[in-house]
Amino acid sequence: MIAKLVDVLFGCRHSRFSFPVTVRRAMRRPQAAVLTGTYVACLDCGKEFAYDWEDMRVITSPKRHRERVAELAAKHAA
C-alpha cells in the first residue's frame, strides 16, 4: 500500500517508450505481450506495456482493450 503511494508520487511517468516489439509464437512472451503479442518498454524504468498496432497506442487497461476488441468484432460481424 505504501509502496503504491510512493510510486504514484515519485515514480516514473512512462513518457518515453521503445519501438513496439512483436513476439513470434515460438518464443516465450513477456507478460505485457500476452494480450496483443506486441509490447513496448519504458526507456526510463524498463516496465513493459502491451501495445495495440491497429490503434497505435499503449494499452494501459486490459479491460478497456477487451471491450474495444469486442466492439470491433461486433462491427465486423454486421
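The values are calculated or read from the model by the stated rules, or taken from the named source; none is laboratory data. This is a predicted model, so every value here is computed, not measured. Methodologically, a virtual Cβ is constructed for each residue, glycine included, from the backbone with ideal geometry; neighbour enumeration extends over all protein chains shown.
Data for the structure
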item	result
Qualifying residue in the stretch 38-55 (condition: among the charged types (D, E, K, R) and part of a strand (DSSP E or B))	yes
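Listed here are the residues, each with its yes/no results for (1) modelled with pLDDT of 85 or more; (2) surrounded by 10 or more Cβ atoms within 10 Å (Cβ to Cβ); (3) of a type outside the set (A, V, I, L, M).
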site: Cys12; (1), (2), (3): no, yes, yes
site: Val21; (1), (2), (3): yes, yes, no
site: Gln31; (1), (2), (3): no, no, yes
site: Lys47; (1), (2), (3): yes, yes, yes
site: Val58; (1), (2), (3): yes, yes, no
site: Arg68; (1), (2), (3): no, yes, yes
site: Ala74; (1), (2), (3): no, no, no
